[in-house]
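Note sheet for the following structure.
The values are calculated or read from the model by the stated rules, or taken from the named source; none is laboratory data. It should be emphasised that the depicted structure is a prediction, and the values quoted were computed from it without experimental measurement. Every residue, glycine among them, receives a Cβ derived from its backbone with ideal geometry; neighbour counts consider all protein chains shown. Ligands, DNA and RNA are excluded from the accessible area calculation, which covers all protein heavy atoms including side chains. Shrake-Rupley method; radii C 1.70, N 1.55, O 1.52, S 1.80 Å.
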Amino acid sequence: MKLTEVKIRNFRKLINVEFKCKDSINTIVGPNGVGKSSILDAIRLTKSVLLQSVDNEAASTLQNMGIFSPQTNSVLFHTICNDASKEVVITISFKLSNEEIQLVQSSIMDFALLRLQNQLGQNPSNRLNLISYLSTPAGQLQQVQVLNETKSLLEKFVVDKKLAVIELTASYTQIFGKNGFDQELVSFILRSINLNQTLFSVFPADRNFPTGEVGIQLGQGDLQQQVQSYSIQPSLKFHRLKNVIVNYLLMNNNDLSAIQNDFRLIFENLIPGKELFGIKIEDSTSRLSVLIKETNTDAIYDIDFLSSGEKGLLLTLFLLIRTVAKGGIIIIDEPELHLNPAVCKNIISFLYNHIVDKQDVQILMTTHSAEILTATKEDERFQLFHLIDSNTVSPIYKNDNNEASEAIKALGVSTADLLFNKGVIYLEGTTDEEYINEVLKNYTVNFKIQSLGGRSIVENEVKILQSSDRKSKLKGLHIFILDFDNKPTELKDTENVKIIQWDRYSFENYLLNTDILYSVIRDSNPKNFPSSRVEFTRKVKKLAFTQIDAIAIADVTGIQIPKTIGLSKKDLGLSNSAIDIAELLNEKILELKSTLDNFIPETWKGVFIESVNSKTTQLQEDWEENWKKYCKGKELLVSIYQEFGLSNYRDFIKKLISQNKAENTEEWQILKNKIDYIIQK
């Protein structure tokens with residue numbers, strides 16, 4: 001089950017907005033107070049009223065949302081409308097999976113009975129009254145009629161490949177839905193899930209954790225609370241971490257390993273340096289403790305002593321893994337609350353890799369985090385929306401840099417806001433950030449990682465910061481990581497501005513351990529895979545050597561081709577005076593003219609070819625033993641990826657990083673030592 005489209009009119013601050021969702025992660029950004037949370041509330045309201053999966057869901061949810069009066073048994077319309085003279089209309093479209101349709105088809109009698117109970121105005125959970133009615137001739141006749149009608153409507157729904165469109169309309173006098181069959185169809189699917197899981201779960205922004213000991217319930221009472229926590233009263237989630245753990249243990253013969261694996265997955269990817277140590281009852285107080293261990297210091301303490309941000313993230317992700325059923329929909333309001341920005345950077349990739357992709361679920365979230373915004377925008381599998389005002393939700397795509405910039409500004413994020421804790425790690429280029437974050441995982445809790453442009457931009461930024469540093473005006477540690485690119489830098493460290501330059505062409509060159517490459521590619525079921533490691537190494541080396549001709553030509557061209565008369569950014573930065581620029585251009589023109597006056601085409605052509613051949617020979621000799629160091633690593637990995645027909649480049653690189661780290665290869669040690677030296681220094 002997936003949301004495909006949401007339309008909202010006259011709900012709270014929203015006048016008229018609509019947008020289409022992707023099946024994976026959908027992130028809504030926008031300034032405070034514009035109505036981001038109202039979008040989530042509109043979906044939750046519609047679900048609770050028209051798609052009830054448990055008894056009394058509508059009244060309980062609306063009361064929890066503060067829009068229902070139990071005294072008058074009515075919706076407080078003024079709390080949900082923007083304009084009291086107009087109706088509130090919320091339309092949500094669902095795409096049902098083949099498995100969900102097959103579930104209904106195989107349970108057609110139960111579905112028909114649910115529809116019959118709705119027609120009779122009976123509680124769907126109470127079959128006793130229905131049994132009595134079905135014992136009468138009138139009841140038996142109506143049962144046959146409803147069953148035949150249900151089969152016909154379902155067949156038409158399947159043949160037409162329709163979406164299930166749920167429309168809620170509310171006014172001062174009434175609240176009702178349209179498309180009754182669609183409502184009943186989706187409600188039946190929602191009710192088909194075991195109560196220990198859900199197809200719709202809400203994670204609110206108000207993460208109020210309990211203080212002190214929380215009573216542990218077991219059995220029916222706890223199950224009712226768990227069901228309430230899905231969407232009726234979602235703040236209950238933040239009281240239930242220990243309950244969920246204890247209940248899981250009781251239902252699985254005290255097997256702690258699965259829970260430890262869940263915790264390990266979350267800690268390693270998002271909060272490194274911690275692990276689940278165990279569960280115990282304190283002797284003196286009989287207090288249940290979930291124990292966390294610091295892997296660096298061996299310190300052990302109760303989970304309650306984690307920071308609120310860490311606890312909220314741990315609980316949210318653990319419950320997503322344990323309680324959301326396959327094909328479910330997850331609503332999350334501001335997952336970044338109380339979290340370090342460096343952690344936020346990894347949330348999107350974790351949600352996709354370990355929740356969305358594995359469990360086939362869909363996420364709709366709001367955020368103020370620039371890191372979450374960027375991670376959503378840069379991946380075409382996800383959808384980013386900018387809620388600009390009460391009438392406008394604009395999708396932002398990967399190349400929409402201007403609007404993304406405006407969205408970040410609207411969040412109130414500035415350069416100063418991104419300098420936190422120990423400082424910033426700057427990367428040359430724009431493509432290494434996702435991968436280098438895997439390498440720097442132990443450091444990114446305390447550092448912001450930011451991509452810059454080419455070498456000239458980086459060096460200019462270094463000079464600006466070092467100038468401030470020499471005047472003691474710079475706060476935090478600023479670390480610049482530069483590719484080698486066969487261009488050794490002349491930049492030197494200052495007290496708070498440090499330079500790391502790889503001793504290989506680029507970061508990717510440290511991933512060229514052929515044993516690791518062989519293992520990772522072999523496990524991916526590649527095409528054209530060599531029969532031995534020796535043959536594989538030869539093939540990879542041959543791919544690397546195909547770069548030599550182009551590199552030789554580029555090197556010689558840079559020396560023998562006359563300089564152009566165009567103005568560089570550096571030239572323009574020297575002066576804004578027309579007289580100065582004219583003089584500079586005049587010098588360039590005269591230099592070019594002098595070169596061309598002595599130009600003899602045939603002589604130049606021969607010298608150029610000879611120079612290229614000589615350079616090629618030199619490079620071949622240099623590369624024979626050191627090709628892993630000198631080749632263009634990024635380009636080579638792309639060639640390898642294409643050569644063997646691999647399916648996902650990102651996963652390929654991440655697996656190489658993970659395997660090099662796990663086996664502590666020589667390349668990994670060099671990489672890590674360079675970073676350790678600067679940061680520990």
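Brief remarks on what is shown
- The set of residues in segment 511-542 that are on the phi < 0 side of the Ramachandran plot and at pLDDT below 90 comprises Asp523, Ser524, Pro526, Lys527, Phe529, Pro530, Ser531.
- For first residues located in segment 108-123 and assigned to a helix (DSSP H, G or I), partners that are open to solvent by less than 70 Å² (accessible area, probe 1.4 Å) and of a type in the set (Phe, Trp, Tyr) and lie 6+ apart or on another chain with Cβ distances below 6 Å form the pairs Phe111/Phe188; Leu114/Phe188.
- Pairs with Cβ under 8 Å, 6+ apart, first in segment 247-272 and among the basic types (Lys, Arg), second outside any helix (DSSP H, G or I) and open to solvent by 40 Å² or more (accessible area, probe 1.4 Å): Arg264/Glu275
- The lone criterion from (1) of a type in the set (A, V, I, L, M); (2) part of a helix (DSSP H, G or I); (3) at pLDDT 90 or above left unmet by Ala59 is number (3).
- Residue count for segment 182-203 under the criterion of being buried (at least 16 other Cβ atoms within 10 Å of the Cβ) and either assigned to a loop (DSSP other than H, G, I, E, B) or among the aromatic types (Phe, Trp, Tyr) (or both): the result is 5.
- Within the option set Glu294, Glu282, being modelled with pLDDT of 85 or more, open to solvent by less than 80 Å² (accessible area, probe 1.4 Å) and farther than 21 Å from Leu320 by Cβ holds for one residue only, Glu294.
- Residue in segment 318-326 that is more than 30 Å from Ser187 (Cβ to Cβ) and either open to solvent by 10 Å² or more (accessible area, probe 1.4 Å) or assigned to a helix (DSSP H, G or I) (or both) present: no
- Residue within segment 63-74 that is closer than 30 Å to Ser152 by Cβ, among the hydrophobic types (A, V, I, L, M, F, W, C) and either assigned to a strand (DSSP E or B) or out of contact with any Phe, Trp or Tyr (no Cβ under 7 Å at 6 or more places or on another chain) (or both) present: no
- The residues of segment 157-167 that are touching a helix residue (DSSP H, G or I) at 6+ places or on another chain (Cβ under 9 Å) and open to solvent by 80 Å² or more (accessible area, probe 1.4 Å) amount to a single one, Lys162.
- Residues in segment 18-37 that are out of contact with any helix residue (DSSP H, G or I) (no Cβ under 7 Å at 6 or more places or on another chain) and of a type in the set (A, V, I, L, M): Val34 alone.
Table: residues versus (1) open to solvent by less than 10 Å² (accessible area, probe 1.4 Å); (2) assigned to a helix (DSSP H, G or I).
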site: Gly309; (1), (2): yes, yes
site: Gly312; (1), (2): yes, yes
site: Leu315; (1), (2): yes, yes
site: Ile331; (1), (2): yes, no
site: Lys345; (1), (2): no, yes
site: Ile348; (1), (2): yes, yes
site: Asn353; (1), (2): no, yes
site: Thr366; (1), (2): yes, no
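- Of all residue pairs spaced 6 or more apart or on separate chains, those with beta-carbon atoms under 8 Å, a first member in segment 364-378 that is of a type in the set (A, V, I, L, M) and modelled with pLDDT under 80 and a second member that is open to solvent by 10 Å² or more (accessible area, probe 1.4 Å) and not in a helix (DSSP H, G or I) are Ala370/Leu411; Ala370/Val413.
- Some residue of segment 256-264 being more than 16 Å from Lys311 (Cβ to Cβ) and assigned to a strand (DSSP E or B): no
- Once segment 498-557 is narrowed to residues that are acidic (Asp, Glu) and closer than 30 Å to Ile464 by Cα, the residue that is most open to solvent (accessible area, probe 1.4 Å) is Asp503.
- Among (1) open to solvent by less than 30 Å² (accessible area, probe 1.4 Å); (2) at pLDDT 90 or above, the one test that Lys237 misses: (2)
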